[in-house]
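Worksheet: one structure, shown below.
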Amino acid sequence: MFYWAAILFSQTLGTALGDWMADTTGLGYEGGALVFAAGLAVVAAAYFFTNVSRTLLFWSAFILTRPLGATVGDLLDKPVADGGLAMSRFYASAILAAFMIACILILPQRAGSHPGRGETPS
């Protein structure tokens, strides 16, 4: 239930927050995307340089990705007159998919270790 509640709130409120940040605050799509990207950078810095709960950091990053995606998606496909780049949804989706695939291929993937588990003797 917690997972689905988190999905519901992050999707619904995240999209609304992304739209609000871009439209109401006057930041536009680029500014809104930069705000949420900066928030994710803060979460990443906390992961690497502090002992903040990894669970809290995970959910923080999880929630921030939705408004970031909403503002970037709007930036790519909204008309130029509205501050977007006027790409078709197909090209916007292709660009985002290529970016995700590049991140998966470029960034190292490794198994994590469980805190509190010691080395098992050989």
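Observations, loosely collected:
- Fully extended contour minus Cα-Cα distance, from T25 to L8, at 0.36 nm per residue: 3.7 nm
- Modelled FRET efficiency - R0 22 Å, L40 with A111, Cβ distances, 0.05 increments: 0.45
- Taken about its Cα centre, the chain carries a charge dipole of about 440 debye when Lys and Arg each add +1 at the Cβ and Asp and Glu each add -1 at the Cβ.
- Backbone phi angles across segment 33-38, fed through the Karplus curve with coefficients 6.51, -1.76 and 1.60 (θ = phi - 60°), yield HN-Hα couplings of 4, 5, 4, 6, 5, 5 Hz in residue order; Gly and Pro are listed as x.
- When both segment 78-106 and segment 1-53 are represented by their alpha-carbon centers, they are found 19 Å apart.
- Helix 2-23 vs. the chain, principal-axis angle (Cα, 0 to 90°, nearest 10): 40 degrees
- Rolling a 1.4 Å probe across the protein heavy atoms gives the chain an accessible surface of 74 Å² per residue.
- Estimated 222 nm signal from helices in the chain, with DSSP H stretches of n ≥ 4 weighted -39500 (n - 2.57), rounded to 500: -24500 deg cm²/dmol
- Accessible-area composition of segment 39-116, carbon plus sulfur, in percent [1.4 Å probe]: 71 percent
The values are calculated or read from the model by the stated rules, or taken from the named source; none is laboratory data. No experiment lies behind these values; they were computed from the predicted model shown. Every residue, glycine among them, receives a Cβ derived from its backbone with ideal geometry; neighbour counts consider all protein chains shown. All accessible areas refer to the heavy atoms of the entire protein, side chains included, with ligands and DNA or RNA removed. Shrake-Rupley method; radii C 1.70, N 1.55, O 1.52, S 1.80 Å.
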